[in-house]
Amino acid sequence: MAEPHPDALIVVHPRERRSKCTILPLRGRPGLRFTRSTSLQATGPLDGYVRLDVDAPPLTAADADRGLLVLDGTWRWVEDLAAPFGAMEARSIRSVRTAYPRGVANGTGPDGGLATVEALYAAHRLLERPTEGLLDHYHWAEQFLLLNEPVWTGAQR
């Protein structure tokens, strides 16, 4: 039997506005750990983790036994948020489109950038991890799933 993968660790930027945060409703869910600290000492050991990053090689089934480091904050803060984890191996989520109506169209986010909850959901789908309940509190869940129907057709839940 395969060893279970490590939890996903979500590092929330200290200045992230709770009203705009898509991931905080998942606090307390088994398999997810949250911290507002970018201190490596506070996050604990991250051996066996990959960091989700829009400019990295794609996340694949070969990463299924790895934990996920997910950074949550506005795009203007992402570089500072990622700095302590810069040496960590990174992966991206390709071919998945955001439904979150934000400033990407206005140049404030990268092409292919996802809301944090979208990225977590997509990573779980790609790695064939349970997705039940991940989008329950996400206002744009239905649009996100429909927009990405072609991607989900090839992935198992």
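Going through region 1-32 one residue at a time, which ones are under 16 Å from His124 (Cβ atoms), at pLDDT 65 or above and surrounded by fewer than 17 Cβ atoms within 10 Å (Cβ to Cβ)?
Asp7, Pro25, Arg29, Pro30, Gly31
Only residues in region 130-157 that are aliphatic (A, V, I, L, M) and surrounded by 15 or more Cβ atoms within 10 Å (Cβ to Cβ) count as the first member; pair them with residues that are at pLDDT 95 or above and part of a loop (DSSP other than H, G, I, E, B), Cβ under 8 angstrom, at least 6 apart or cross-chain, and list the lot.
Ala141/Leu135; Leu145/Leu135
Please specify each residue of region 72-101 satisfying the condition of being touching a Ser or Thr at 6+ places or on another chain (Cβ under 8 Å) and aliphatic (A, V, I, L, M).
Passing the criteria: Leu81, Ala83.
Could you check how many residues of region 72-103 are under 23 Å from Gln143 (Cα atoms) and either polar (S, T, N, Q) or touching a residue at least 24 places away in the same chain (Cβ under 8 Å) (or both)?
Pass one, region 72-103, residues under 23 Å from Gln143 (Cα atoms): 72-75, 92-103.
Now narrow it down to the ones that are either polar (S, T, N, Q) or touching a residue at least 24 places away in the same chain (Cβ under 8 Å) (or both): 72-75, 92-101, 103.
The number of residues fulfilling the criteria is 15.
The values are calculated or read from the model by the stated rules, or taken from the named source; none is laboratory data. Quick caveat: nothing in here was measured; it's all calculated off a predicted structure. Note that each Cβ is placed from the backbone with ideal geometry, even for glycine, and that neighbours are counted across all protein chains shown.
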